[in-house]
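What follows is a single structure, written as structure tokens, with notes after it.
The values are calculated or read from the model by the stated rules, or taken from the named source; none is laboratory data. Since we're looking at a predicted model, the values are computed, not measured. Ideal geometry is used to build each Cβ from the backbone, glycine not excepted, and the neighbour counts take in all protein chains shown.
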């Protein structure tokens with residue numbers, strides 16, 4: 001039997017492309033190991049050193065990411081494959097297995113214990129699965145999306161802008177923009193209703209874009 005060289009099957013580029021790969025190279029080990037050290041420190045710091053936490057997120061995430069908030073603890077396996085937009089808020093207990101690229105659009109919100117899982121394994125071929133082969137498919141979450149607590153998003157899924165995913169849902173297929181989806185598997189039950197905006201429940205003199213207003217006021221001080 002010829003000696004098997006796993007090198008062509010164990011690169012970061014091959015892993016990110018969605019092809020079958022093996023997680024056995026120094027390259028992948030070094031990237032994942034560096035990410036593990038960064039999110040370990042991030043989780044240990046918690047709320048005690050916000051400036052260092054921001055530095056760690058900048059080092060962990062894809063450089064195209066914006067200024068975002070991720071409550072510790074969080075686990076992001078490779079980090080470099082995850083791009084998180086400006087003003088995204090992610091609550092406690094995030095898990096991202098970013099074998100393939102993950103994108104979360106600006107101003108989106110993720111509730112506690114959300115999981116984004118791009119990793120896949122052979123389903124029918126038990127021997128291949130036992131042999132360590134994996135593949136991945138990207139996840140795209142649009143802008144102004146809200147994922148309720150405990151939502152799981154699997155690889156290959158795209159969630160459109162302004163969509164809402166109910167707590168505990170498992171998203172296994174694309175969800176269109178402006179839709180509300182619940183369940184396992186998640187299904188669209190209705191669309192956003194522009195004639196039923198909750199802003200009517202606020203006093204007339206209170207800004208709808210409250211956080212943006214506060215930031216502008218702080219900037220002008």
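Residue-by-condition table, conditions (1) part of a loop (DSSP other than H, G, I, E, B); (2) surrounded by 11 or more Cβ atoms within 10 Å (Cβ to Cβ); (3) at pLDDT below 95; (4) at positive phi:
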site	(1), (2), (3), (4)
112	yes, yes, no, no
127	no, no, no, no
140	no, yes, no, no
199	no, no, yes, no
213	no, yes, yes, no
217	no, no, yes, no
(request) Test residue 42 against the stated conditions and say whether it is in a loop (DSSP other than H, G, I, E, B), crowded, with 19+ Cβ neighbours inside 10 Å and modelled with pLDDT of 95 or more. (result) no
(message) Among the residues in region 117-134, are any within 27 Å of residue 44 (Cβ to Cβ) and without any contact (Cβ under 8 Å) to a residue 12 or more places away in the chain?
(response) no
(message) Tell me the residue from 10, 35, 74, 64 that is touching a strand residue (DSSP E or B) at 6+ places or on another chain (Cβ under 7 Å) and surrounded by fewer than 13 Cβ atoms within 10 Å (Cβ to Cβ), please.
(response) 64
(request) Filter region 163-186 down to residues that are assigned to a loop (DSSP other than H, G, I, E, B) and either buried (at least 19 other Cβ atoms within 10 Å of the Cβ) or in contact with a helix residue (DSSP H, G or I) (Cβ under 6 Å, 6 or more places away or on another chain) (or both), then give me how many there are. (result) 3
(message) Every residue in region 45-65 that is in a helix (DSSP H, G or I), without any contact (Cβ under 8 Å) to a residue 12 or more places away in the chain and within 16 Å of the chain's Cα centre (by Cα), please.
(response) 58
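So, residue 192, is that one surrounded by 10 or more Cβ atoms within 10 Å (Cβ to Cβ) and in contact (Cβ under 8 Å) with a residue 24 or more places away in the chain or not?
yes
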(request) Taking residue 99 as meeting all but one of (1) assigned to a helix (DSSP H, G or I); (2) crowded, with 18+ Cβ neighbours inside 10 Å, write down the number of the exception. (result) (1)
